[in-house]
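What follows is a single structure, written as structure tokens, with notes after it.
The values are calculated or read from the model by the stated rules, or taken from the named source; none is laboratory data. Predicted model only: the values in this text are computed from it and were never measured. Note that each Cβ is placed from the backbone with ideal geometry, even for glycine, and that neighbours are counted across all protein chains shown. What goes into the accessible areas is simple: the full protein's heavy atoms, side chains included, and nothing from ligands, DNA or RNA. Shrake-Rupley method; radii C 1.70, N 1.55, O 1.52, S 1.80 Å.
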2 protein chains.
Amino acid sequence: MHPEAIHHIGHAVDDLPAAMDVYQRLLGGVVEHRETVPSQGVEAVMIRVGESRVELLRPLGDDTPVGKFLANRGPGMHHVAYLVSDIRASLRDAAEAGAELIDTEPRPGLFGLEVAFIHPGSVAGVLVEYVQYGGNRHGSS
Amino acid sequence: MHPEAIHHIGHAVDDLPAAMDVYQRLLGGVVEHRETVPSQGVEAVMIRVGESRVELLRPLGDDTPVGKFLANRGPGMHHVAYLVSDIRASLRDAAEAGAELIDTEPRPGLFGLEVAFIHPGSVAGVLVEYVQYGGNRHGSS
């Protein structure tokens with residue numbers, strides 16, 4: 001079960017209002033969803049840019065995954081999320097293809113999505129997320 | 001003139017055959033174009049993943065833009081390219097919005113595209129490319 005398309009690009013930022021302003025003014029971005037998830041240590045804003053999406057990620061603290069990413073690399077692209085129709089089948093196929101799965105089972109992600117991550121070491125340095133719409137089809141309207 | 005969609009993600013790699021293999025086997029990628037451009041110091045392969053595209057970039061030497069990127073950061077996402085319908089108008093708008101343009105005029109890019117880059121300092125750390133199809137509509141079929 002291969003991806004249907006890129007669902008969004010994850011973009012880690014330290015100044016969320018400034019980044020939102022850039023996406024809105026420079027790229028015509030429109031805010032689609034906004035959510036703070038303390039358990040994942042992140043505040044996220046999904047922005048539509050034309051037919052595509054960018055997910056801005058602001059860490060809630062230094063000792064969070066996105067906080068550590070920012071400390072190591074500074075603001076920039078964090079992951080590429082691919083839309084799949086059957087995330088369990090896609091994870092099975094990825095494991096059979098030799099990929100190292102960060103999540104062997106899908107878990108609840110932001111915005112009502114089911115998500116799972118694949119280790120960047122398996123995709124030439126790019127952190128890859130698979131996303132599948134759940135029962136609550138956020139973002140698919 | 002705001003972007004219509006993400007056209008592709010640029011992904012800098014050191015081992016091009018290995019990266020192509022991963023995109024093909026893991027993500028069902030299909031090679032769309034392949035081009036070596038000595039003047040830009042890069043060998044590029046455009047890969048379709050479902051409806052989306054990833055541009056793999058392998059530097060032809062250490063003293064090239066992509067070579068320096070790899071030396072600094074290792075393999076990973078290099079840029080996000082947005083499709084625009086009027087690249088000159090989009091560049092004008094970007095400059096008026098305060099963005100720092102790397103290319104103030106569009107120039108010939110890979111695969112017959114007209115391209116221009118915006119400095120990552122203007123887009124929260126992400127190198128942004130605008131692309132417009134030229135007379136030779138590579139990749140638009």
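Mean partner shielding of peptide A:47-53, defined as the number of other chain Cβ atoms within 10 Å of each residue Cβ, is 5. Mean sequence separation of contacting Cα pairs (under 8 Å, at least six apart), scaled by the length of chain B, corresponds to a relative contact order of 25 percent. Between identical copies, the spacing of B:His119 label points, each set 7 Å from Cα toward the C-beta atom, reads 3.9 nm from nearest to farthest. Our coupling estimate for segment A:42-59, obtained by passing each phi through the Karplus curve with A = 6.51, B = -1.76, C = 1.60 and θ = phi - 60°, is 9, 10, 10, 10, 8, 10, 7, 10, x, 7, 10, 9, 10, 9, 7, 10, 10, x Hz, Gly and Pro reported as x.
Label-to-label distances for A:Gly74 across copies, nearest first, come out at 1.8 nm, using points 7 Å from Cα in the beta-carbon direction. The residues of segment B:5-133 have, on average, 40 Å² of accessible surface per residue, using a 1.4 Å probe with all protein chains present.
Each copy carries B:Arg92; placing its label point 7 Å along the C-beta direction from Cα gives inter-copy distances of 5.6 nm, listed from smallest up. When chain A is turned onto chain B, its residue with the beta carbon nearest the axis, and that distance in whole angstrom, is A:Met77, 2.
Are there any helices in chain A, counted as whole DSSP H runs, that stretch 15 Å or more along their axis by Cα and score at least 0.5 on average by Kyte-Doolittle, and if so which?
A:16-27
The dipole here belongs to chain A: it is taken about the Cα centre, uses +1 on the Cβ of Lys and Arg and -1 on the Cβ of Asp and Glu, and is about 220 debye. For chain A, with all protein chains in place and a probe radius of 1.4 Å, 48% of the accessible heavy-atom surface sits on carbon or sulfur. A simple count of charges around B:Ala97, restricted to other residues whose Cβ falls under 11 Å of its Cβ and scoring Lys, Arg +1 and Asp, Glu -1, yields -2.
Cβ neighbours within 10 Å, averaged per peptide: list A:63-71, B:50-58 in order, most packed at the top.
B:50-58, A:63-71
When chains B and A come together, the accessible area they lose, probed at 1.4 Å and totalled over both chains, is close to 3200 Å².
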